[in-house]
Amino acid sequence: MKSFCRIWQTLYPRAVKSLMNHEEQLLAFFRIKEPELWSSIRTTNLIERRFREVRRRTRPMGVFSDRTSMERILYAIFTHENLKENTMTPFLIMTHNS
């Protein structure tokens, strides 16, 4: 981080200052020791993460047979993701401001 800041300090002093002031929060991701959790905490945007999971799971299906089928599958995906999220304490620890 320091090397990056030295390189860009002259061109973007305000941006570099902001990075340096928030370095601990920006790099909190790396405090999580379990690599299998990294893909789920890479972004803090819960909505973005949900829709990425919907795309991943529905892409192989191609099309839904009807509206009820679509609603059932989406409900199952969102329910599963919400239950999974509620059990992931590293995310809560990482974003907690102490």
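The values are calculated or read from the model by the stated rules, or taken from the named source; none is laboratory data. What you see is a predicted model, and the numbers here were worked out from it, not measured in a lab. Virtual Cβ from ideal backbone geometry, glycine too; neighbours counted across all protein chains shown.
Select from the range 10-26 the residues that are of a type in the set (D, E, K, R) and either under 24 Å from Ile41 (Cα atoms) or surrounded by 12 or more Cβ atoms within 10 Å (Cβ to Cβ) (or both) and list them in ascending order.
Lys17, Glu23, Glu24
Within the range 29-57, how many residues are free of Cβ contacts under 8 Å to residues at least 24 places away in the same chain, among the polar types (S, T, N, Q) and in contact with a helix residue (DSSP H, G or I) (Cβ under 7 Å, 6 or more places away or on another chain)?
Qualifying residue count, the range 29-57: 1.
How many residues does the range 25-79 contain that are closer than 30 Å to Met1 by Cβ and in a helix (DSSP H, G or I)?
The qualifying residues number 18.
If you go through the range 31-41 one residue at a time, how many are at pLDDT below 80 and surrounded by fewer than 11 Cβ atoms within 10 Å (Cβ to Cβ)?
Number satisfying all stated conditions: 3.
Can you tell me which condition Asn97 does not meet? The list is (1) modelled with pLDDT of 85 or more; (2) loosely packed, with under 14 Cβ neighbours inside 10 Å, and all the others hold.
Going through the list (1) modelled with pLDDT of 85 or more; (2) loosely packed, with under 14 Cβ neighbours inside 10 Å, Asn97 breaks only (1).
Any residue in the range 61-80 that's over 14 Å from Phe51 (Cβ atoms): show its pairings with residues that are surrounded by 12 or more Cβ atoms within 10 Å (Cβ to Cβ) and modelled with pLDDT under 85 at Cβ separation under 7 Å, as long as the two are six or more apart or on different chains.
That search, which allows pairs on different chains as well, returns Met70/Phe64.
If I ask for residues that are aliphatic (A, V, I, L, M) and within 21 Å of the chain's Cα centre (by Cα), which ones from the range 2-32 would you list?
Result: Leu19, Leu26, Leu27, Ala28, Ile32.
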